[in-house]
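Working notes for the structure below.
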Amino acid sequence: MVDEQPGHRAAGGGALSGVVVADFSRILAGPYATMLLADLGAEVIKVESPGGDDTRSWLPPVRDDISTYYLAINRNKRSIALDLKDPDDRDAAQELARRADVVVENFKPGGLARFGLDYETVAAGNPGVVYASISGFGSGPKGASLPGYDLIVQAVSGLMSLTGSPTGEPFRAGISVFDVMAGLHATIGILAALSSRHTTGRGQHVEVNLLSSALSGLVNQSSAYVAGGVVPFRMGNSHPSLFPYEPLPCSDGDLIVTAGNNGQFRALVTALGVPELADDPRFARNEDRTARREELRPLLVERLRTRTTAEWFRDLSAAGVACGPINTIDGGVAFAEELGLDPVVTIGEGADAVPSVRNPITFSETAPEYRRRPPMLDEHGAEIRRWLATAPDGPADRQDRTGEQPLPAADRQERRA
């Protein structure tokens, strides 16, 4: 057992070492954000209801009877189960929020007020707190009552109108893309607020909602409407402003082929053995290629069908053409391994070891850490309760925590990137 002092940077620790995060979120957006903070060294305490985070029961698939969904977004955390309707548990939750540098929650807006865990109440006793709220549609009177499921946001934002065959039905994305995006936006907001607190000494309320994240994340498609007055439509795998930029058939399957500018198009057609197409006035500029895509596509496909996807991927890549096969997930992981990206890390040892996808950020000094496997429900409840029970009275001192009791670490097995 190694004692850790909340609020103090451990020697050689991550960039956020010493930052204490009280995580009252569940499902995806919030837990993803807090996992990223934990990877960077923050001490994240995951507060769960006695029934646990919903994703614990989202089965299949499973590993050792644990949901792989839950495993994906909860490493490096400690878990405590608290029933906020119970006075003692509610007191513990309030003390945790008072001690925290960061509070993250994704209850319905206003839902934590009855437990004394809303921003105004927490900030009154902890003025330096960075309090992040994630909702589906914001905290305004019309949006606060709407349930914030990613699928609903994919529908109402317009994303589904852009996804799928032009002649078929709208489709959702293969992941909860706006939950992930909102989690990333929440992480950015938290880090910015921590930076501001370093200067001002004051915390603040950071609010993120899925619909705003969606409209921001739709980038060129939402801009097409708000800046150009154009309502985009479903184009399958085609791009509205580029060609080629889509799957094209080879002899044994499809290959993604792209040409983002005239030089890339020349490299492509030269590698395909039809260099004259680069000087054809019908295809000389990107706007020409996009407007005449139905003329150009069969000319490219005629050449691509003469060889396999693997052969074209090898030769086109060597010629500097951006392209790629359409892999399944196992193929994607294998490709990352082939490139030396080491996409999988193992947390723990022996029978308790859990493989996880590596944090995507590389630092030259403060590398992400993989200290703890995703916790079992209330795994650290007893030690966290002991720590909270011995906390000093009064607001936490943001500048000097030397009088606080250490929160002991549970069998720290640390592996850094």
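Observations, loosely collected:
- Test: Ser213 is under 30 Å from Tyr131 (Cβ atoms) and touching a His at 6+ places or on another chain (Cβ under 9 Å): yes
- Residue check, Glu383 crowded, with 16+ Cβ neighbours inside 10 Å, touching a Pro at 6+ places or on another chain (Cβ under 8 Å) and at pLDDT below 50: no
- Residue check for Leu146: under 23 Å from the mean Cα position of the chain (by Cα) and not in a helix (DSSP H, G or I): yes
- Of everything listed in (1) hydroxyl-bearing (Ser, Thr, Tyr); (2) open to solvent by 20 Å² or more (accessible area, probe 1.4 Å); (3) modelled with pLDDT of 95 or more, the single unmet condition for Ser145 is (3).
For (1) more than 24 Å from Tyr149 (Cα to Cα); (2) hydroxyl-bearing (Ser, Thr, Tyr); (3) open to solvent by 50 Å² or more (accessible area, probe 1.4 Å), each residue gets a yes or a no:
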| position | (1), (2), (3) |
| --- | --- |
| Ala182 | no, no, no |
| Thr187 | no, yes, no |
| Ala192 | yes, no, yes |
| Gly203 | yes, no, no |
| Asn209 | no, no, no |
| Gly217 | no, no, no |
| Val226 | yes, no, yes |
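- Listed here are the helices (runs of 4 or more DSSP H) enclosed by region 262-305 that have at least 1 residues being at pLDDT 95 or above and under 19 Å from Leu316 (Cα atoms): 262-272, 293-304.
- The residues listed here are Pro247, Pro298, Pro275, Pro281; of these, the one that is at negative phi and either surrounded by 14 or more Cβ atoms within 10 Å (Cβ to Cβ) or touching a residue at least 60 places away in the same chain (Cβ under 8 Å) (or both) is Pro247.
- Top-ranked residue of region 359-377 - restricted to ones that are out of contact with any helix residue (DSSP H, G or I) (no Cβ under 9 Å at 6 or more places or on another chain) and open to solvent by less than 70 Å² (accessible area, probe 1.4 Å), ranked as nearest to Ser67 (Cα to Cα): Pro375
- Residue match in region 14-30 (condition: on the phi < 0 side of the Ramachandran plot, in a helix (DSSP H, G or I) and touching a strand residue (DSSP E or B) at 6+ places or on another chain (Cβ under 6 Å)): yes
- Selected residue (only one of Ser216, Ser176, Ser161, Ser133 is over 26 Å from Leu36 (Cβ atoms) and either basic (Lys, Arg) or out of contact with any Cys (no Cβ under 6 Å at 6 or more places or on another chain) (or both)): Ser161
- Restricting region 153-184 to residues that are among the small types (Gly, Ala, Ser) and within 18 Å of Ser223 (Cβ to Cβ), the residue that is farthest from the chain's Cα centre (by Cα): Ser161
- Filter result (out of contact with any helix residue (DSSP H, G or I) (no Cβ under 7 Å at 6 or more places or on another chain) and aliphatic (A, V, I, L, M)) within region 132-148: Ala144, Leu146
- Flag for Phe171 being touching a helix residue (DSSP H, G or I) at 6+ places or on another chain (Cβ under 7 Å) and open to solvent by 40 Å² or more (accessible area, probe 1.4 Å): yes
- Qualifying residue in region 117-140 (condition: among the charged types (D, E, K, R), part of a loop (DSSP other than H, G, I, E, B) and under 29 Å from Arg98 (Cβ atoms)): yes
- Only one entry of Asp280, Asp252, Asp288 meets the criterion of being under 35 Å from the mean Cα position of the chain (by Cα) and not small (Gly, Ala, Ser), and that entry is Asp252.
- Taken over region 339-352, the criterion of being without any contact (Cβ under 8 Å) to a residue 24 or more places away in the chain, open to solvent by less than 70 Å² (accessible area, probe 1.4 Å) and not small (Gly, Ala, Ser) is satisfied by Pro343, Val344.
- Subset of region 312-338 (residues that are more than 25 Å from Asn262 (Cβ to Cβ), touching a residue at least 40 places away in the same chain (Cβ under 8 Å) and either of a type in the set (Ser, Thr, Tyr) or open to solvent by less than 70 Å² (accessible area, probe 1.4 Å) (or both)): Pro325
The values are calculated or read from the model by the stated rules, or taken from the named source; none is laboratory data. None of the values given here were measured: they were computed from a predicted structure. Glycine gets a Cβ as well: all are built from the backbone with ideal geometry, and neighbour counts include every protein chain shown. When the accessible area is computed, the model is the full protein with side chains, heavy atoms only, and any ligands, DNA or RNA have been set aside. Shrake-Rupley method; radii C 1.70, N 1.55, O 1.52, S 1.80 Å.
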